[in-house]
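**Q** Let me begin by handing over the structure; questions about it come next.
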Amino acid sequence: MLTVEHLDVFYGHMHAARDVGFEVKRGELVAIIGANGAGKSTIIRAIVGWVSPRAGRIVLNGAEITRRPPWERAEAGIGLVPEGKRLFPALTVEDNLRMGAYLRRGAGLETALDEVYGLFPVLRDRRRQLAKTLSGGEQQMLAIGRALVSRPTLLLVDEVSTGLMPTMVNRVLEVLRRLRDQGITVLLVEQNARAALRVADRGYVLEVGRIVLSGPAADLRQHPAVVAAYLGGAA
Ligand code: ATP
(Lines give C-alpha, C1' and ligand atoms only; values in the text may rest on other atoms or scores of the structure.)
Protein backbone atom coordinates (compact mmCIF):
# COMPACT_ATOMS: atom_id res chain seq x y z
CA MET A 1 0.00 0.00 0.00
CA LEU A 2 2.80 2.40 0.96
CA THR A 3 6.36 2.24 -0.30
CA VAL A 4 9.06 4.69 0.75
CA GLU A 5 12.34 4.53 -1.19
CA HIS A 6 15.68 6.27 -0.63
CA LEU A 7 14.08 9.12 1.30
CA ASP A 8 16.36 12.00 2.31
CA VAL A 9 15.00 14.92 4.31
CA PHE A 10 17.01 17.92 5.48
CA TYR A 11 16.20 20.79 7.83
CA GLY A 12 18.84 23.26 6.65
CA HIS A 13 22.08 21.30 7.17
CA MET A 14 20.43 18.80 9.52
CA HIS A 15 20.13 15.47 7.67
CA ALA A 16 17.07 14.06 9.48
CA ALA A 17 16.10 11.13 7.19
CA ARG A 18 18.94 9.26 5.49
CA ASP A 19 18.19 6.95 2.58
CA VAL A 20 15.11 5.68 4.39
CA GLY A 21 13.22 2.81 2.77
CA PHE A 22 10.35 0.68 4.03
CA GLU A 23 6.96 -0.64 3.03
CA VAL A 24 3.57 -1.15 4.58
CA LYS A 25 1.35 -3.81 3.04
CA ARG A 26 -2.42 -3.54 2.96
CA GLY A 27 -3.92 -4.73 6.25
CA GLU A 28 -0.67 -4.56 8.22
CA LEU A 29 0.14 -2.75 11.44
CA VAL A 30 3.74 -1.63 11.06
CA ALA A 31 5.80 0.15 13.75
CA ILE A 32 8.87 2.31 13.26
CA ILE A 33 10.65 2.54 16.58
CA GLY A 34 13.49 4.86 17.50
CA ALA A 35 14.84 7.10 20.24
CA ASN A 36 14.15 10.77 20.74
CA GLY A 37 15.23 12.69 17.63
CA ALA A 38 15.82 9.57 15.50
CA GLY A 39 13.69 11.05 12.72
CA LYS A 40 10.37 9.27 13.24
CA SER A 41 8.20 12.38 12.96
CA THR A 42 10.21 13.50 9.96
CA ILE A 43 9.16 10.36 8.09
CA ILE A 44 5.51 11.00 8.99
CA ARG A 45 5.82 14.64 7.86
CA ALA A 46 7.24 13.50 4.52
CA ILE A 47 4.39 11.02 3.98
CA VAL A 48 1.66 13.58 4.73
CA GLY A 49 3.45 16.30 2.76
CA TRP A 50 4.50 18.72 5.49
CA VAL A 51 8.17 18.53 4.53
CA SER A 52 9.61 18.24 1.06
CA PRO A 53 12.21 15.47 0.72
CA ARG A 54 15.47 16.31 -1.03
CA ALA A 55 15.48 12.86 -2.59
CA GLY A 56 13.46 9.67 -2.67
CA ARG A 57 10.02 8.45 -3.60
CA ILE A 58 6.79 7.89 -1.70
CA VAL A 59 4.29 5.64 -3.47
CA LEU A 60 0.72 5.08 -2.27
CA ASN A 61 -1.33 2.34 -3.94
CA GLY A 62 0.98 2.38 -6.94
CA ALA A 63 0.84 6.18 -7.48
CA GLU A 64 3.77 8.41 -6.61
CA ILE A 65 2.73 11.11 -4.13
CA THR A 66 6.18 12.49 -3.21
CA ARG A 67 5.36 15.99 -4.49
CA ARG A 68 1.57 16.00 -4.10
CA PRO A 69 0.05 18.60 -1.75
CA PRO A 70 -1.11 17.38 1.68
CA TRP A 71 -4.85 17.65 0.93
CA GLU A 72 -4.53 15.39 -2.10
CA ARG A 73 -2.83 12.79 0.08
CA ALA A 74 -5.69 13.06 2.59
CA GLU A 75 -8.17 12.57 -0.24
CA ALA A 76 -6.17 9.54 -1.37
CA GLY A 77 -6.90 7.92 2.01
CA ILE A 78 -4.08 8.99 4.35
CA GLY A 79 -5.23 9.88 7.87
CA LEU A 80 -2.99 11.29 10.59
CA VAL A 81 -2.97 11.17 14.38
CA PRO A 82 -0.35 13.88 14.90
CA GLU A 83 2.28 14.04 17.62
CA GLY A 84 0.92 16.05 20.54
CA LYS A 85 -2.66 15.36 19.35
CA ARG A 86 -3.23 18.91 18.02
CA LEU A 87 -6.82 19.05 19.22
CA PHE A 88 -8.92 22.21 19.26
CA PRO A 89 -8.96 22.64 23.07
CA ALA A 90 -11.80 25.16 23.22
CA LEU A 91 -14.11 23.13 20.97
CA THR A 92 -16.32 20.31 22.18
CA VAL A 93 -15.44 16.69 21.65
CA GLU A 94 -18.04 16.42 18.89
CA ASP A 95 -16.88 19.58 17.14
CA ASN A 96 -13.31 18.24 17.18
CA LEU A 97 -14.62 15.10 15.48
CA ARG A 98 -16.52 17.19 12.93
CA MET A 99 -13.28 19.04 12.12
CA GLY A 100 -11.94 15.69 10.95
CA ALA A 101 -14.80 15.41 8.49
CA TYR A 102 -14.05 18.33 6.21
CA LEU A 103 -13.32 15.92 3.36
CA ARG A 104 -16.65 14.18 3.74
CA ARG A 105 -18.70 17.29 2.90
CA GLY A 106 -21.55 16.12 5.10
CA ALA A 107 -22.10 12.75 3.44
CA GLY A 108 -22.05 9.94 5.94
CA LEU A 109 -20.84 12.14 8.78
CA GLU A 110 -23.38 10.93 11.32
CA THR A 111 -22.51 7.29 10.52
CA ALA A 112 -18.81 8.06 10.88
CA LEU A 113 -19.43 9.77 14.25
CA ASP A 114 -21.43 6.74 15.39
CA GLU A 115 -18.55 4.46 14.42
CA VAL A 116 -16.11 6.56 16.45
CA TYR A 117 -18.48 6.60 19.43
CA GLY A 118 -18.84 2.83 19.10
CA LEU A 119 -15.07 2.48 19.29
CA PHE A 120 -14.71 4.99 22.14
CA PRO A 121 -17.95 5.08 24.17
CA VAL A 122 -16.38 7.58 26.59
CA LEU A 123 -16.30 10.14 23.78
CA ARG A 124 -20.07 9.80 23.29
CA ASP A 125 -20.58 10.38 27.02
CA ARG A 126 -18.44 13.49 26.82
CA ARG A 127 -19.42 14.78 23.42
CA ARG A 128 -20.58 18.19 24.69
CA GLN A 129 -17.52 18.64 26.90
CA LEU A 130 -14.62 20.87 25.80
CA ALA A 131 -11.64 18.87 24.53
CA LYS A 132 -9.28 20.58 26.99
CA THR A 133 -11.23 19.12 29.92
CA LEU A 134 -10.57 15.50 28.86
CA SER A 135 -7.88 13.34 30.45
CA GLY A 136 -4.72 12.66 28.45
CA GLY A 137 -5.93 9.22 27.42
CA GLU A 138 -9.34 10.53 26.37
CA GLN A 139 -7.66 13.27 24.35
CA GLN A 140 -5.59 10.65 22.55
CA MET A 141 -8.78 8.71 21.77
CA LEU A 142 -10.30 11.92 20.43
CA ALA A 143 -7.26 12.51 18.22
CA ILE A 144 -7.61 8.98 16.82
CA GLY A 145 -11.36 9.44 16.41
CA ARG A 146 -10.88 12.70 14.52
CA ALA A 147 -8.54 10.95 12.09
CA LEU A 148 -11.04 8.10 11.61
CA VAL A 149 -13.96 10.36 10.72
CA SER A 150 -12.44 10.89 7.27
CA ARG A 151 -12.39 7.07 6.82
CA PRO A 152 -8.69 6.71 6.01
CA THR A 153 -7.38 3.53 4.42
CA LEU A 154 -3.87 4.23 5.78
CA LEU A 155 -3.67 5.64 9.29
CA LEU A 156 -0.40 7.27 10.38
CA VAL A 157 0.04 7.49 14.15
CA ASP A 158 2.81 9.66 15.58
CA GLU A 159 3.96 8.91 19.15
CA VAL A 160 0.60 7.98 20.60
CA SER A 161 2.12 6.88 23.94
CA THR A 162 3.55 10.25 24.99
CA GLY A 163 2.37 11.34 28.41
CA LEU A 164 0.07 8.35 28.95
CA MET A 165 0.28 5.92 31.83
CA PRO A 166 1.22 2.36 30.79
CA THR A 167 -2.28 0.88 31.04
CA MET A 168 -3.63 3.65 28.83
CA VAL A 169 -0.79 3.17 26.32
CA ASN A 170 -1.79 -0.47 26.00
CA ARG A 171 -5.48 0.39 25.63
CA VAL A 172 -4.78 2.90 22.89
CA LEU A 173 -2.48 0.51 21.04
CA GLU A 174 -5.07 -2.26 21.33
CA VAL A 175 -7.49 0.07 19.56
CA LEU A 176 -5.00 0.38 16.71
CA ARG A 177 -4.91 -3.38 16.49
CA ARG A 178 -8.70 -3.49 16.30
CA LEU A 179 -8.62 -0.94 13.52
CA ARG A 180 -6.11 -3.13 11.70
CA ASP A 181 -8.50 -6.07 12.17
CA GLN A 182 -11.26 -3.94 10.62
CA GLY A 183 -9.13 -3.45 7.51
CA ILE A 184 -7.40 -0.12 8.18
CA THR A 185 -3.68 -0.26 7.45
CA VAL A 186 -1.69 1.37 10.26
CA LEU A 187 1.81 2.87 10.39
CA LEU A 188 2.85 3.72 13.92
CA VAL A 189 6.00 5.60 14.92
CA GLU A 190 6.91 5.14 18.58
CA GLN A 191 9.59 5.75 21.14
CA ASN A 192 7.88 3.16 23.37
CA ALA A 193 9.35 0.14 21.58
CA ARG A 194 8.04 -2.40 24.04
CA ALA A 195 4.42 -1.35 23.59
CA ALA A 196 4.70 -0.81 19.84
CA LEU A 197 6.33 -4.18 19.12
CA ARG A 198 3.70 -5.91 21.22
CA VAL A 199 0.88 -4.86 18.86
CA ALA A 200 2.69 -4.52 15.52
CA ASP A 201 2.95 -7.17 12.79
CA ARG A 202 6.32 -5.90 11.58
CA GLY A 203 8.75 -3.28 12.69
CA TYR A 204 11.65 -1.11 11.61
CA VAL A 205 14.31 0.38 13.86
CA LEU A 206 15.39 3.93 13.08
CA GLU A 207 18.69 5.33 14.38
CA VAL A 208 19.96 8.82 13.56
CA GLY A 209 17.78 9.05 10.47
CA ARG A 210 18.62 5.57 9.16
CA ILE A 211 16.69 2.28 9.18
CA VAL A 212 19.12 -0.17 10.80
CA LEU A 213 16.94 -3.24 11.41
CA SER A 214 13.63 -4.63 10.24
CA GLY A 215 11.57 -7.78 10.62
CA PRO A 216 8.48 -9.35 12.14
CA ALA A 217 7.71 -7.67 15.46
CA ALA A 218 8.02 -11.01 17.28
CA ASP A 219 11.60 -11.38 15.96
CA LEU A 220 12.57 -7.79 16.79
CA ARG A 221 11.35 -8.30 20.36
CA GLN A 222 13.99 -11.04 20.69
CA HIS A 223 16.76 -9.33 18.72
CA PRO A 224 19.76 -8.71 21.04
CA ALA A 225 20.37 -5.18 19.70
CA VAL A 226 16.72 -4.24 20.18
CA VAL A 227 16.59 -5.81 23.63
CA ALA A 228 19.77 -3.99 24.70
CA ALA A 229 18.92 -0.58 23.28
CA TYR A 230 15.12 -0.36 23.49
CA LEU A 231 13.71 -2.96 25.86
CA GLY A 232 15.78 -2.22 28.92
CA GLY A 233 18.05 -5.23 28.48
CA ALA A 234 15.42 -7.89 29.23
CA ALA A 235 13.40 -9.67 26.56
P1 ATP B 1 10.77 12.69 18.93
O2 ATP B 1 10.46 11.32 19.39
O3 ATP B 1 11.56 13.47 19.95
O4 ATP B 1 9.62 13.44 18.36
P5 ATP B 1 11.65 12.01 16.27
O6 ATP B 1 12.28 10.68 16.11
O7 ATP B 1 10.24 12.16 15.86
O8 ATP B 1 11.84 12.49 17.76
P9 ATP B 1 12.19 14.18 14.47
O10 ATP B 1 11.19 15.13 15.08
O11 ATP B 1 11.86 13.58 13.17
O12 ATP B 1 12.56 13.04 15.50
O13 ATP B 1 13.58 14.96 14.37
C14 ATP B 1 14.72 14.39 13.75
C15 ATP B 1 15.88 15.35 13.87
O16 ATP B 1 15.60 16.52 13.09
C17 ATP B 1 16.12 15.83 15.29
O18 ATP B 1 17.51 15.94 15.49
C19 ATP B 1 15.47 17.20 15.35
O20 ATP B 1 16.09 18.03 16.27
C21 ATP B 1 15.65 17.68 13.93
N22 ATP B 1 14.54 18.56 13.51
C23 ATP B 1 13.23 18.25 13.50
N24 ATP B 1 12.49 19.29 13.05
C25 ATP B 1 13.36 20.26 12.75
C26 ATP B 1 13.24 21.58 12.22
N27 ATP B 1 12.05 22.10 11.90
N28 ATP B 1 14.36 22.31 12.06
C29 ATP B 1 15.59 21.79 12.38
N30 ATP B 1 15.79 20.55 12.86
C31 ATP B 1 14.69 19.79 13.06
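The values are calculated or read from the model by the stated rules, or taken from the named source; none is laboratory data. Values in this document were obtained by computation on a predicted structure and should not be read as measured data. As a convention, Cβ positions derive from the backbone with ideal geometry for all residues, glycine included, and neighbour counts pool all protein chains shown. These area figures cover heavy atoms from the full protein model, side chains too; ligands, DNA and RNA do not enter into them. Shrake-Rupley method; radii C 1.70, N 1.55, O 1.52, S 1.80 Å.
**Q** Determine, yes or no, whether Arg151 is assigned to a helix (DSSP H, G or I), within 27 Å of Gly136 (Cα to Cα) and basic (Lys, Arg).
**A** When the stated conditions are applied, Arg151 does not pass them.
**Q** Continuing with this model, one more query. Listed residues Ala74, Ala46; which is touching a Leu at 6+ places or on another chain (Cβ under 9 Å), outside any strand (DSSP E or B) and over 28 Å from Val212 (Cα atoms)?
**A** Ala74
**Q** Going by what's in this entry, would Thr133 be described as under 20 Å from the mean Cα position of the chain (by Cα), open to solvent by 10 Å² or more (accessible area, probe 1.4 Å) and either free of Cβ contacts under 8 Å to residues at least 12 places away in the same chain or over 28 Å from Thr42 (Cβ atoms) (or both)?
**A** no
**Q** State which residue pairs qualify: first residue within 18 Å of Leu188 (Cα to Cα) and among the β-branched types (Val, Ile, Thr) and inside region 37-59, second residue within 10 Å of the ligand (Cβ to nearest atom) and assigned to a helix (DSSP H, G or I) in any location, beta carbons under 8 Å apart, and separation of 6 or more residues or different chains.
**A** What qualifies is Ile58/Ala46.
**Q** So, one more: I need a count of the residues in region 160-195 that are open to solvent by 10 Å² or more (accessible area, probe 1.4 Å), in a loop (DSSP other than H, G, I, E, B) and in contact with a helix residue (DSSP H, G or I) (Cβ under 7 Å, 6 or more places away or on another chain).
**A** Residues meeting the conditions: 4.
**Q** Within region 1-34, how many residues turn out to be part of a loop (DSSP other than H, G, I, E, B), within 7 Å of the ligand (Cβ to nearest atom) and in contact (Cβ under 8 Å) with a residue 40 or more places away in the chain?
**A** 0
**Q** Among the listed residues Val116, Val93, which satisfies the condition of being crowded, with 18+ Cβ neighbours inside 10 Å and farther than 17 Å from Arg178 by Cα?
**A** Exactly one of Val116, Val93 is crowded, with 18+ Cβ neighbours inside 10 Å and farther than 17 Å from Arg178 by Cα, namely Val93.
**Q** Out of everything in region 146-172 that is over 15 Å from Pro82 (Cα atoms), among the aliphatic types (A, V, I, L, M) and more than 16 Å from the ligand (Cβ to nearest atom), what residue ends up being nearest to the chain's Cα centre (by Cα)?
**A** Met168
**Q** Given the options Leu29, Leu2, Leu87, Leu7, name the one that is at pLDDT below 95 and crowded, with 20+ Cβ neighbours inside 10 Å.
**A** When all the criteria are applied, what remains is Leu87.
**Q** Consider Val186 carefully, then state whether it is closer than 17 Å to Val160 by Cα, of a type in the set (Val, Ile, Thr) and away from the ligand (no atom under 16 Å from the Cβ).
**A** Yes: the conditions hold for Val186.
**Q** Give the residue that is most open to solvent (accessible area, probe 1.4 Å), with candidates limited to residues of region 49-71 that are assigned to a strand (DSSP E or B) and farther than 14 Å from Val20 by Cα.
**A** Among them, the one singled out is Glu64.
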